[in-house]
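Asker: Submitted below is the structure of interest, expressed as structure tokens.
Coordinate-derived values only; no laboratory data. What you are looking at is a predicted structure, and each value in this text was computed from that prediction instead of being measured. We place every Cβ from the backbone using ideal geometry, glycine too, and count neighbours over all the protein chains shown.
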Amino acid sequence: MTSNHINVCVMPHAGGWHKASWRRPDTTGNDIWDPDLWRGIAQTAERGKLDAVFMADNQSVWPMSNELRHLTAKVGVWDALIAVTMMASATEHIGLIATAHTQFHQPYILARQLACIDHLSRGRVGWNVVTSGSAFDAANFSDAAQVSTELRYDRATEFVELVKKLWDSWEEDAYLIDKEAGVFYDTSKMHPTNHHGKYYDVAGPLNIMRPPQGYPVIAQAGSSGPGRELAASVGEVIFTPLTGAAGRAYTEELRGLAASKGRASTDMRVLSQITPVIGRTDQEAQEKWDWLASHLDPRLALDDMEGMLGVDLKGYPLDEPLPELGDNRLTAGYRQAVLSLSVDGRQPTLRELIARFNVPGTVVGSAETIADYMENEVDSGVCDGFILCLQGTPEELEDFVDLVVPELQRRGRFRTEYKHTTLRETLGFERPANQFSTTMDHVPSEAM
Ligand SMILES: Cc1cc2nc3c(=O)[nH]c(=O)nc-3n(C[C@H](O)[C@H](O)[C@H](O)COP(=O)(O)O)c2cc1C
């Protein structure tokens, strides 16, 4: 088995996943309003033959107490749809996955935007379907009070179904452009949407030709019960912060859920979070990691850990393992990722957690060490590949592409060139048929 699927998750703010990375003396990643930074990141990922760049997004200034705000680089974030549009024009092969929230967008507008980006990138766009559980996001939209997880995912389910109907508004061969006969298109191949659901009423059709991929690739990272249901129903690329045994259990559960909905296990790629610290030697990587750990303000680390666990940790003893936290459906994935960590076969103390494990999927070492970890995770059934979260950008991406990718290629575990033009093909998925079509327009594609 090859670990041939790697998406890089780019945080749209300065720095990276590690909250001290923006302080590295030589980093060039803090000037986030320079578009060349993002174009360069996409080009580096393409040089490494990665499947896709995935742009995270949220709709508010990152929530944190005012006493801590000056410590973080999570201030401004690029709009993911605009960022991937910019990256599309600077690249030729790499997939571009944009996050967009079903709570705040309108299906017609989002279907149009994604279809347009799919056309301009010639079939390389994906949509990370997120609902947003953030009260701070909801507070920025007049008619979007924060709602329960169940309601958010109920709306998201209808939203995705409607967007797919809109993408199917036109059959592939609808545009005749017959100059002699004076017939531009075949009206029988245009399908009004006529959607009347619980949340949306949309007449359609979409005023955009069907996207080159049929449907842009659907990504999902749900970890609550309703989140997993949506991921299993429509997710094609699944992101999870879970690794090791917890990751394997998640993947098995998701595949079982997908099978119960009539989907094949080959219909999805589960990507587990890896957040490497890479050196030319294990020693050099460890020094980088020690530098990051020593520059992380413990108050910020604690705040982050509270976010991942969904619990106020102030007052908990620092030198004891965390007590039983129970189920929190809002933060299920990250909570589970943190609680499944161990140090020398035991549960870490809170001090160890905030100092060392404030980023899930952290692996510290040389290219060989990182590649060994990746091989083992894929071979033991944890995942189909990785969502590469970088401790800091853009330097860690360059390290990954220059050191780890060649090692994986040397082992025959990663592609050395792109063989396809669309993201759907690179992922080894078939092009979906138009649900309104009376003729087959289904084009099979091979896996990498
Ligand atoms: C790798 C990864 C990236 C994510 N990116 C985003 C993001 O950009 N915006 C967002 O609102 N949520 C993001 N999420 C959160 C998920 O969409 C989801 O809300 C979270 O895993 C909790 O699951 P739940 O919604 O089922 O409770 C991400 C999760 C993961 C694992």
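Asker: Of the candidates GLN59, GLN273, GLN220, which one comes out as most mobile in a Gaussian network treatment of the chain with C-alpha springs shorter than 10 Å?
Answerer: GLN59
Asker: Same structure again: Please state the charge dipole magnitude for the chain, taken about the Cα centre, from unit charges on C-beta atoms (+1 on K and R, -1 on D and E), reported in debye and rounded to the nearest 20. Can you show the working numbers first?
Answerer: Values: 41 positive and 62 negative charges, 92 e Å.
Once rounded to the nearest 20, the dipole reads 440 debye.
Asker: Measure nothing but the geometry: give the 0 to 90° angle between the long axis through the Cα atoms of 149-167 and the longest principal axis through the Cα atoms of the chain, rounded to 10°.
Answerer: 40 degrees
Asker: Turning to a different aspect of this structure: Only counting other Cβ atoms within 10 Å, I'd like ARG47, ARG415 sorted with the fewest neighbours first.
Answerer: On the way: ARG47 15, ARG415 19.
By the 10 Å Cβ count, ascending, the order reads ARG47, ARG415.
Asker: Helix 244-260 versus the longest principal axis of the chain: what angle, 0 to 90°, nearest 10, using Cα atoms?
Answerer: Result, in degrees: 20.
Asker: Over the chain, what is the relative contact order in percent, taking alpha-carbon pairs closer than 8 angstrom and at least six residues apart?
Answerer: Values: 863 pairs, mean separation 101.1, N = 448.
23 percent.
Asker: Would you kindly work out the equivalent ellipsoid of segment 297-357 from its C-alpha gyration tensor and give its semi-axes, the square roots of five times the eigenvalues, largest first in whole Å? Walk me through the intermediate numbers first.
Answerer: Values: eigenvalues 51, 42, 23 Å².
Those come to 16, 14, 11 Å.
Asker: Can I ask one more? If I take every Cα pair under 8 Å that is 6 or more residues apart in segment 297-357, average their sequence separation and divide by the length, what percent do I get for the relative contact order? Mind showing how you got there, number by number?
Answerer: Working: 46 pairs, mean separation 27.2, N = 61.
The value is 45 percent.
Asker: Please identify, among VAL343, VAL130, VAL359, the residue showing maximal mean-square fluctuation in a Gaussian network model of the chain using a 10 angstrom Cα cutoff.
Answerer: Looking only at VAL343, VAL130, VAL359, the largest GNM fluctuation is found for VAL343.
Asker: Can you find, among GLY214, GLN286, TRP170, the residue sitting farthest towards the positive end of the charge dipole of the chain, where Lys and Arg contribute +1 and Asp and Glu -1 at Cβ?
Answerer: Projecting each Cα onto the dipole axis, the largest value belongs to TRP170.
Asker: Fewest Cβ neighbours within 10 Å first, please rank SER60, SER121, SER89 accordingly. All intermediate terms of the calculation are to be shown ahead of the outcome.
Answerer: Working: SER60 15, SER121 27, SER89 11.
Lowest to highest Cβ neighbour count: SER89, SER60, SER121.
Asker: Among TYR185, TYR175, what is the fewest-to-most ranking by other Cβ atoms within 10 Å?
Answerer: Numbers: TYR185 16, TYR175 13.
In increasing order of surrounding Cβ atoms, one gets TYR175, TYR185.
Asker: What percent does the relative contact order of segment 249-376 come to when contacts are Cα pairs within less than 8 Å and at least six residues apart?
Answerer: 38 percent
Asker: When the gyration tensor of segment 357-401 is built from Cα positions, what are the square roots of 5 times its three eigenvalues, in whole Å, from largest to smallest?
Answerer: 19, 12, 10
Asker: How large is the convex hull of the Cα atoms of segment 217-257 per residue, expressed in Å³ as a whole number? Don't skip to the answer; put the middle values down first.
Answerer: On the way: hull volume 2.3 nm³, N = 41.
It is 56 Å³ per residue.
Asker: A further question follows. Around ASP26, under 13 Å between beta carbons, what's the net of Lys plus Arg minus Asp minus Glu among the other residues? Working shown, then result.
Answerer: Working: positive: ARG23, ARG24, LYS288; negative: GLU395, GLU396, GLU398, ASP399.
Net charge around ASP26: -1.
Asker: State the Cα centre-to-centre distance between segment 172-220 and segment 100-116 in whole Å.
Answerer: 16 Å
Asker: To the nearest 20 Debye, how big is the dipole of segment 124-174 about its Cα centre, given +1 on the beta carbon of each Lys and Arg and -1 on that of each Asp and Glu?
Answerer: Numbers: 5 positive and 10 negative charges, 55 e Å.
Charge dipole of segment 124-174: 260 debye, to the nearest 20.
Asker: Still on this structure, please answer the following. Using Stokes-Einstein with the Kirkwood hydrodynamic radius over Cα pairs, what translational diffusion coefficient do you get for segment 152-224 at 10 °C and a viscosity of 1.306 mPa s, in µm²/s rounded to a whole number? Intermediate results must be reported in sequence, preceding the final value.
Answerer: Details: Rh = 14.0 Å.
Calculated translational D: 114 µm²/s.
Asker: Here is a follow-up. Once a ≥ b ≥ c are taken as the square roots of the eigenvalues of the Cα gyration tensor of segment 1-126, is the result rounded (a/c under 1.5), prolate (a/b larger than b/c) or oblate (a/b not larger than b/c)? Intermediate results must be reported in sequence, preceding the final value.
Answerer: On the way: a/c = 1.96, a/b = 1.28, b/c = 1.53.
Since a/c reaches 1.5 but b/c is at least a/b, the shape of segment 1-126 is classed as oblate.
Asker: Sticking with this structure for a sec: Given N residues in the chain, what is Rg(Cα) / (2.2 N^0.38 Å)? Let's see the in-between values first.
Answerer: Values: Rg = 22.0 Å, N = 448, 2.2 N^0.38 = 22.4 Å.
The reported ratio for this selection is 0.98.
Asker: Full-extension gain between TYR175 and ASP344, please, as 0.36 nm times their residue separation minus the C-alpha to C-alpha distance. Before the final figure, lay out the partial values.
Answerer: On the way: separation 169, 0.36 × 169 = 60.84 nm, distance 6.38 nm.
Here the segment from TYR175 to ASP344 would lengthen by 54.5 nm.
Asker: Also, quick follow-up: Is there a pair in LYS49/LYS288; LYS165/LYS419; LYS165/LYS198 whose C-alpha atoms are over 23 Å apart, and which pairs would that be? Mind dumping the intermediate values first?
Answerer: Working: LYS49/LYS288 25 Å; LYS165/LYS419 30 Å; LYS165/LYS198 16 Å.
Over 23 Å Cα-Cα: LYS49/LYS288; LYS165/LYS419.
Asker: On to the next question. For segment 157-297, would you read off the P(r) tail past 27 Å as a percentage of all alpha carbon pairs? Write out the running numbers ahead of the final one.
Answerer: Values: 4871 of 9870 pairs.
That tail contains 49 percent of the Cα-Cα pairs.
Asker: Where the Cα atoms of segment 235-298 are projected onto their three principal axes, how long is each span, largest first, in whole Å?
Answerer: On the principal axes, segment 235-298 reaches 49, 28, 19 Å in Cα extent.
Asker: Which value in deg cm²/dmol, rounded to the nearest 500, describes the helix-derived mean residue ellipticity at 222 nm for the chain, given -39,500 (n - 2.57) per DSSP H run of n ≥ 4 and division by the residue count?
Answerer: Working: 15 runs with 154 residues, N = 448.
Dividing the helical sum by the residues of the chain leaves -10000 deg cm²/dmol.
Asker: Given the C-alpha atoms of segment 12-68, compute the convex hull and give its volume per residue in Å³.
Answerer: Working: hull volume 6.6 nm³, N = 57.
Expressed per residue, the convex hull around the Cα atoms of segment 12-68 is 116 Å³.
Asker: Highest GNM mean-square fluctuation, the chain, Cα pairs closer than 10 Å: which of VAL202, VAL53, VAL401?
Answerer: VAL202
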